[in-house]
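Since the structure comes first, as structure tokens, the remarks are kept for the end.
The values are calculated or read from the model by the stated rules, or taken from the named source; none is laboratory data. Values in this document were obtained by computation on a predicted structure and should not be read as measured data. Don't worry about glycine lacking a Cβ; one is built from the backbone with ideal geometry, like all the others, and counts go over all protein chains shown. For the accessible areas, the whole protein counts, side chains as well, though only heavy atoms, and no ligand, DNA or RNA atoms are used. Shrake-Rupley method; radii C 1.70, N 1.55, O 1.52, S 1.80 Å.
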Amino acid sequence: MKLKKVLVIALGILLLAVVGFVVWGSTPLGPDDAALAALQSDAQVTVSQMPGVIVFAPVGDFPTKGLVFYPGGRVDYRAYAPTLKEIARGGVLVALPAMPLNLAVFSPNRAQEIIYAYPQIEQWVVGGHSLGGAMAAEFAADRADQVDGLVLWGSYPADQNDLTQSGLHVLSVYGSEDGQVEKIRASSVLLPENAVFLEIEGGNHAQFGSYGTQPGDGAASISAVEQWRRAAEAVLELMESLETQD
């Protein structure tokens, strides 16, 4: 009877832990008003909100380049609308998928179905913010033959995802006030020799999205709008560089 009681208690504790985790993952940060406003189509970008994915498409000729972007851990995927809409404005199809429990670790291969859904796209880049970037790096490491580039915002690959010989065009953007700066810089040993690192002076971790402050983050000394602009410009430069790849 004592063993049965112990098992029941252990099962109850496990159940509470699972429920607590699900509740935690189901209460993400953001989006704020600026993010919600960016989800509206305008004269330059059509925003399509489909089940499980938001697509930002430039108005006019269908683009030949695409970006699949993974949201940061426990961040509502809609919070990245302002920055990604700016990238689409530059002529790139951008797909922003939702993640199970708002954690890309549960669906690192989400980009695959999006790539299959748009055969018109000739060159693909995967990317993400924070945990989303790490999962995008995992996808790129496993499928370097299907993608042309990788974008990391305030992020770095896991140690097992060595991309040094991948041939990918890689861009790592981070804010000077991000508490993970040293780890981001150190990730160069896992990336191709020609990977581009861009530090946004005065930027922090949270301002790549539009969801407010984040526990443990540094205080930004530039506006979120300025950080969005610089991040978007850097991604568009990477997209242009794909023209010169071998």
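A compact table of results
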| quantity | calculated |
| --- | --- |
| Net length gained if the chain between D159 and R185 were fully extended (0.36 nm per residue, minus Cα distance) | 8.0 nm |
| Förster radius 30 Å - calculated FRET efficiency between V225 and Q120, Cβ distance, rounded to 0.05 | 0.40 |
| Heavy-atom accessible surface of region 74-145: percent carbon and sulfur, 1.4 Å | 46 percent |
| Highest-MSF residue in the chain out of K183, K65, K85 [GNM, Cα springs under 10 Å] | K183 |
| Fluctuation leader among N204, N161, N194 - the chain, Gaussian network, Cα springs under 10 angstrom | N194 |
| Average accessible area per residue (Å²) across region 113-163 - probe 1.4 Å, nucleic acids and ligands excluded | 38 Å² |
| Area accessible to solvent at R74, 1.4 Å probe radius, in Å² | 60 Å² |
| Share of carbon and sulfur in the accessible heavy-atom surface of region 27-68 [1.4 Å probe, %] | 55 percent |
| Axial C-alpha extent at least 24 Å, average Kyte-Doolittle at least 1.6 - helices from the chain (DSSP) | 2-25 |
| Using θ = phi - 60° and Karplus 6.51 cos²θ - 1.76 cosθ + 1.60, couplings along region 187-199 (whole Hz; Gly, Pro as x) | 5, 4, 5, 9, 10, x, 4, 8, 4, 9, 10, 10, 9 |
| S41/E243 FRET efficiency (R0 22 Å; Cβ-Cβ; nearest 0.05) | 0.20 |
| Solvent-accessible area per residue for region 174-223 (1.4 angstrom probe, square angstrom) | 49 Å² |
| Candidates E233, E182, E199: whichever shows maximal mean-square fluctuation once the chain is modelled as a Gaussian network with Cα springs under 10 Å | E182 |
| Accessible area expressed per residue, region 54-105, with surrounding protein chains retained (probe 1.4 Å, Å²) | 25 Å² |
| 5 angstrom amide H check on Y70, placed H, neighbours 5+ away | G127, G128, H129 |
